[in-house]
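Remarks on the structure that follows.
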Amino acid sequence: MNRTLGFTIVVFGICLFLLWRHYHKAKQEQRMILAQLKRYPAVQHAWAAALEDGDPVIEIPGLATGIKASLADAHTVDMCGQMTPQGLALSKDWVFISMYCNDHQHHSQILLFDRHTGAYSKPVILPKKPHVGGLVYDEQQEVLWVTITGSESGRIGGIPLATLLADTSAQTGQPVRFDRRLELLGIDRASYLTMDQEKVVAGSFSLRGAGKCAAYSRQFLQDAMAGGSTQKSQMLPNETNSTLTKVQSVAYAKDWLLIARSFGPGASELLVFPKTTANLKRNSAAFRFRFPPYLEQVVVEDQRLYCLFESGAAAYRHKTKWPIDTVLVLDLSTLLHKKTGFKRNRRIKS
């Protein structure tokens, strides 16, 4: 009896220690992020508001130490130290992050995380080595769409959620298959991807000169995926529009259009326009916010703004003082609230 009691006490003590260590590590990470965001007060304020509500922290594994991947030529499982985050999407239960290998030795892949806990689940190996700059999840069909390499047009590939969850490519090294590939006419490549109600929006990144985005029918996309009457492999845009330089992603929040801009180690920028804005010029934005460097895809869900950065990747982490290897979750209403100090057509200063 005494021996059993002693064993129970030891196990209980170990559990308490592990809980304490986990709590201490979480608090330490929060202090680090708080310090990272000191130069970006509006972002810091919105991040702290979301943290108070208990939003889980999504930490991207292996950016500094390497992550399981598949060699592009041999299709064998290996460790890759050059994976670079690019795209972000959310379902009701999952968070998806796309990555490409910066030295082009490994297949691109998608990481799956539990949305409710932030826990990392597994990687899914993708065919070939596309830049995978944009993701969007269609909740109606339970399909994840990924931007992939196209020839003189944008291209996306669709993978059902059930396929992603059942996938074993991390063990076999054999990439998953896209159920459907579609060419997006009207743009020369698909650098980013999003949805807004019944339309799909994709666009191309441009370092110099205006970029371009196009809107497509969501129903066309769904019909093609379902194998219905629409079997064409090409999608014609319903509308096209010029955008700005350095656009990494766009997102929609009710009546607002959000545009994330970044390139290089300087501060990124989030521009917010009324959704009806026809002429997208930087000075005509209703809101302009400075963000940390290397901002990639932003996604709006349930009054939260999810922000993915590539600064934690090996190719970039030495170029900035504060690499970010977590998905920053911001309270959108706090970010846009007048108490952040924002005034119309005025950049929030650090």
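Based on Cα contacts under 8 Å between residues 6+ apart, the range 73-200 shows a relative contact order of 21 percent. Note on the range 63-110: along the principal axes its Cα atoms extend 35, 21, 15 Å, ordered by decreasing extent.
A Förster radius of 22 Å, combined with the Cβ-Cβ distance separating ASP93 from ALA162, puts the computed FRET efficiency at roughly 0.95. Of the solvent-accessible surface of the chain, computed with a 1.4 Å probe and all protein chains present, 52% belongs to carbon and sulfur. Accessible surface for the chain, divided over its residues, is 48 Å² per residue with a 1.4 Å probe. Radius of gyration over Kirkwood radius for the range 183-260, both on Cα atoms: the Rg/Rh ratio is 0.99. Taking a span of 15 Å or more along the helix axis (Cα atoms) and a mean Kyte-Doolittle hydropathy of at least -0.5 as the rule, the DSSP H helices of the chain that qualify are 2-36, 41-52.
Over the range 200-274, Cα pairs under 8 Å with separation of 6+ residues give a relative contact order of 26 percent.
Taking a quarter of the surface of the Cα convex hull of the chain gives a mean projected area of 20.1 nm².
Between ARG304 and LEU332, the built amide H atoms are under 5 Å apart, and every one of these is 5 or more places off in sequence or on another chain.
Evaluated with a Cβ-only charge set (Lys, Arg +1; Asp, Glu -1), the chain carries a dipole of roughly 1580 debye about its Cα centre, given to the nearest 20. In sequence order, the range 168-184 has phi-based couplings of 10, 4, 5, 8, 8, x, 8, x, 5, 9, 6, 6, 8, 10, 9, 8, 9 Hz under the Karplus curve 6.51 cos²θ - 1.76 cosθ + 1.60, θ = phi - 60°, and Gly or Pro positions carry x.
Sorting the segments 319-326, 49-56, 301-308 by their mean number of nearby beta carbons within 10 angstrom, highest to lowest, gives 301-308, 319-326, 49-56. Of the residues GLN105, HIS116, GLY158, the one whose Cα sits farthest towards the positive end of the charge dipole of the range 88-172 is GLN105 (charges of +1 on Lys and Arg Cβ, -1 on Asp and Glu Cβ, taken about the Cα centre). Using a cutoff of 8 angstrom between alpha carbon atoms and counting only pairs six or more residues apart, the relative contact order for the chain works out to 15 percent.
Could you list log10 I(q)/I(0) for the range 257-337 at q = 0.16, 0.18, 0.20, 0.24 Å⁻¹, which the Debye formula gives when each Cα is one point scatterer? Scattering profile of the range 257-337, log10 relative to I(0): -0.62, -0.77, -0.91, -1.16. Rolling a 1.4 Å probe over the protein heavy atoms leaves THR334 with an accessible area of roughly 30 Å². Remark: the ASP73-THR117 segment gains 12.3 nm on full extension, using 0.36 nm per residue and subtracting the alpha carbon distance. Taking the charge dipole of the range 148-279 about its Cα centre, with +1 at Lys and Arg Cβ atoms and -1 at Asp and Glu Cβ atoms, the residue from GLY264, MET195, THR276 reaching farthest to the positive side is GLY264. For the range 123-162, the fraction of C-alpha pairs more than 12 angstrom apart is 61%.
Dividing the summed -39500 (n - 2.57) terms of all DSSP H runs of n ≥ 4 by the residue count of the chain sets its mean residue ellipticity at 222 nm at -6500 deg cm²/dmol. Round to a whole angstrom and tell me the spacing of the C-alpha centers of the range 186-209 and the range 266-331. Rounded to whole Å, the Cα centres lie 16 Å apart. Quick check on my link table: of LYS129/LYS199; LYS68/LYS275; LYS122/LYS275; LYS212/LYS321; LYS38/LYS129; LYS92/LYS321, which ones sit more than 30 Å apart, alpha carbon to alpha carbon? Correct reply: LYS68/LYS275; LYS122/LYS275; LYS212/LYS321; LYS38/LYS129; LYS92/LYS321. Suppose the Debye formula is applied to equal point scatterers at every Cα of the range 189-324; what is log10 I(q)/I(0) at q = 0.20 Å⁻¹? Relative scattering, expressed as log10 I(q)/I(0), comes to -1.19.
The values are calculated or read from the model by the stated rules, or taken from the named source; none is laboratory data. This one's a predicted model, so the numbers in the text were calculated from it and none came from an experiment. Positions of Cβ are generated from backbone atoms using ideal geometry, with glycine treated the same way; all protein chains shown enter the neighbour counts. In case anyone asks, the SASA skips ligands and DNA or RNA and just uses the protein heavy atoms, side chains included. Shrake-Rupley method; radii C 1.70, N 1.55, O 1.52, S 1.80 Å.
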